[in-house]
Amino acid sequence: MINKKTKWLVLFVLIIATLFVWILVWQSGIKKLTVAFLDVGQGDAIFIETPHRRQVLFDIGPSKNIFPPLSKQMSFFDRSLDLILLSHGDSDHAGALKNILARFDIDYVLSGGWLKNESVSTDKFFLTPGTRIVLESGIYLDILGGGQTESKDNVDSLVARLRYGSTTFLLTGDAVAKEERSEVASLGSLLKVDVLKVAHHGSRTSSQLAFLQQVRPTYAVVSVGADNRYGHPTVEVLERLKKVGAEILRTDQEGTIVFESDGKNLIKK
């Protein structure tokens, strides 16, 4: 026979277990922002999905390299994207454009002035510093620099800040030191973010110490191909990132790198 004390203990344990299950269910129902730095080899591609399933690609990598890692972030049957934003026209950032447009229903393609000379099968818009893209209520992509000429080169690469509540990402494309100095001059400590996409795959021409000291990222993501012929990321850049206390994450070592945020808390998955 089970005595009365044991019955109450069993009941208490069941109540606690039920509450724990409900907490897990409630937490799983909290809608989060997902930012995935896709492993596309020597290139950049970032998948962004908002809590209400607005889907964005910031850069798309070279050729067809994007499709295997992207398929792990999107449903097999999902063949639409709200927009593609390209930092600039280099093939390692925009090389998959025709392939993406052929496979997905894309609402808009956005970039700098170079896009004016490109033929695309969807609506296109040209971005300049000061432009704010509202992905959904409370989630913004602010264009901080670049895009002001029709050049495809790194010197005019767009720089954007993604914000959701108190969580921030700085997406730098292939921005060079001159652009970094401009950002420091105009924004200073306002550049501080949680996650920095390290510019130009960790090339020594970017990620100057004065810039990193203002950004002070918790995480620094380097999108780079394994054993690439450029020597990216360079030892100099890695040392600079360590000096500012950033945790360095590399796609050539970890594969696709995924973050989630509820607007307050940032989690690396």
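The values are calculated or read from the model by the stated rules, or taken from the named source; none is laboratory data. For clarity, every value in this text was computed on a predicted model and none was experimentally measured. Cβ coordinates were reconstructed from backbone atoms using ideal geometry, including for glycine residues, and neighbour counts include every protein chain displayed.
Can residue 134 be described as closer than 27 Å to residue 258 by Cα, among the aliphatic types (A, V, I, L, M) and touching a residue at least 24 places away in the same chain (Cβ under 8 Å)? So residue 134 does not fit the description; no. Within the option set 155, 109, 134, being in contact with a strand residue (DSSP E or B) (Cβ under 7 Å, 6 or more places away or on another chain), of a type outside the set (D, E, K, R) and closer than 19 Å to residue 44 by Cβ holds for one residue only, 109. Only one of the numbered conditions (1) modelled with pLDDT of 95 or more; (2) surrounded by fewer than 15 Cβ atoms within 10 Å (Cβ to Cβ); (3) assigned to a loop (DSSP other than H, G, I, E, B) is violated by residue 121, and that is (1). State which residue is farthest from residue 78 (Cα to Cα) when the search covers only the stretch 90-103 and only residues that are of a type outside the set (A, V, I, L, M) and surrounded by fewer than 18 Cβ atoms within 10 Å (Cβ to Cβ). Top of the filtered list is 91. When 128, 172, 167 are checked against the criterion of being more than 26 Å from residue 234 (Cβ to Cβ), at pLDDT 90 or above, polar (S, T, N, Q) and within 18 Å of the chain's Cα centre (by Cα), a single residue qualifies: 167. Of all residues in the stretch 141-158, those satisfying the criterion of being touching a Lys or Arg at 6+ places or on another chain (Cβ under 9 Å) and either in a loop (DSSP other than H, G, I, E, B) or touching a residue at least 24 places away in the same chain (Cβ under 8 Å) (or both) are 141, 144, 150, 155. Within the stretch 124-156, the set of residues being of a type in the set (A, V, I, L, M), closer than 17 Å to residue 82 by Cβ and touching an Asp or Glu at 6+ places or on another chain (Cβ under 9 Å) comprises 133, 135.
Between 79, 54, the distinction of being exposed (fewer than 13 other Cβ atoms within 10 Å of the Cβ), in the same structural domain as residue 229 (by TED's automatic domain parsing), at pLDDT 85 or above and not aliphatic (A, V, I, L, M) belongs to 79 only.
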